[in-house]
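One structure below.
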Amino acid sequence: MRTQNFFLIFFSVFTFISTSQNFKVGDLIKLSNTVPVKDTVVSVYSDDSNSGKTVNYLESGIIFRILELSNTEVKLMALSYKTKTEEQKEKLLASKPSEKLKSDYYNNKVYTVSLKDFSAFAQSFEFDDRISVGLITLPFRARPQDDFSFDTEFNLSTTVNFRIFDVYGSSLNAQLGAGISSVGLDSENALGITDGESQDIATLTMFSGLMLQYKKVQIGLYAGVDQINNQSNYQWKSNGNLWFGFGLGFNVFTISISNPKNKQ
């Protein structure tokens, strides 16, 4: 009996440790199979008019967030379903009488499942967003009209990222960006600067490019133009002319502009 209890405790601890290594509080998951609900379902809001509407089994394919993870059970809450107007509800139920409004049964409700069922059927989930935004700096910019001279001044731009397609675990992305940078002017590159003098001038930078991402590492090639504010005085030779740039980043484009929800 003692040996049996030892192995039971060992298995429970091992299951908890292995699950904890794969999932943590705040992670998003989907269930690959229906899972029975334990204990009483808790509504986040005490005045929830649908608090009496609950399910005995969590359905597969629904996106849940992990709220609590222990050595025996896991508490989950589904990402909200878009609530429907009364008119929309009537139309849906009229066309599909057996359909349940998932927003009534899942929104703002905390469900508890056993760790064993969770470990067997939980799958990590990440949103497949096509559009993201980020900040990027390009350490090298070459200007072909000036014998491919290189600019290394600091620059920082806001960039919108559009994922085009995925291939072999990588993604190809198109990007558009704009920001403020600076350029060093002297008598060799600007007619408005006297011999022996130099001056750093702010520029408005606009560019586009292609970026290849593998896991969290990103590498991109870009082309753009710079415009200075007082060109009539400085007469910068490269004002508005094309430049080419190279960028390397790690986990830069991670800010999703969508609002993740479940769909009925």
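Anything in segment 202-252 that is part of a loop (DSSP other than H, G, I, E, B), under 23 Å from the mean Cα position of the chain (by Cα) and surrounded by 13 or more Cβ atoms within 10 Å (Cβ to Cβ)? List them, or say none.
Within segment 202-252, VAL252 is the sole residue that qualifies.
Just to be sure I understand the filter: pairs with C-beta atoms under 8 Å, separated by 6 or more residues or on different chains, first member in segment 110-123 and farther than 10 Å from THR72 by Cβ, second member in a helix (DSSP H, G or I). Which pairs pass?
Taking only residues 6 or more apart or on different chains, the pairs are PHE118/THR19; SER119/THR15; SER119/SER18; SER119/THR19.
Which one of these is outside the structural domain of SER51 (by TED's automatic domain parsing), touching a residue at least 60 places away in the same chain (Cβ under 8 Å) and surrounded by fewer than 18 Cβ atoms within 10 Å (Cβ to Cβ): THR137, THR152?
THR137
Working only within segment 191-231, note down all residues that are of a type in the set (Gly, Ala, Ser) and either in contact with a Lys or Arg (Cβ under 6 Å, 6 or more places away or on another chain) or at pLDDT below 85 (or both).
Those that are of a type in the set (Gly, Ala, Ser) and either in contact with a Lys or Arg (Cβ under 6 Å, 6 or more places away or on another chain) or at pLDDT below 85 (or both): GLY192, GLY196, SER198.
Does GLY177 satisfy the condition of being in contact (Cβ under 8 Å) with a residue 40 or more places away in the chain, under 19 Å from VAL225 (Cα atoms) and part of a strand (DSSP E or B)?
Answer is yes for this residue.
Of the numbered conditions (1) within 22 Å of PHE23 (Cβ to Cβ); (2) loosely packed, with under 13 Cβ neighbours inside 10 Å, PHE165 satisfies every one except a single condition; which is it?
Result: PHE165 fails condition (1) only.
With the checklist (1) farther than 30 Å from GLY247 by Cα; (2) in contact with a strand residue (DSSP E or B) (Cβ under 9 Å, 6 or more places away or on another chain); (3) loosely packed, with under 15 Cβ neighbours inside 10 Å in hand, flag the one item ALA94 doesn't pass.
(2)
The values are calculated or read from the model by the stated rules, or taken from the named source; none is laboratory data. Every value quoted in this text rests on a predicted model; they were computed, and no experiment measured them. So basically every Cβ, Gly included, is an ideal-geometry build from the backbone, and we count neighbours across all protein chains shown.
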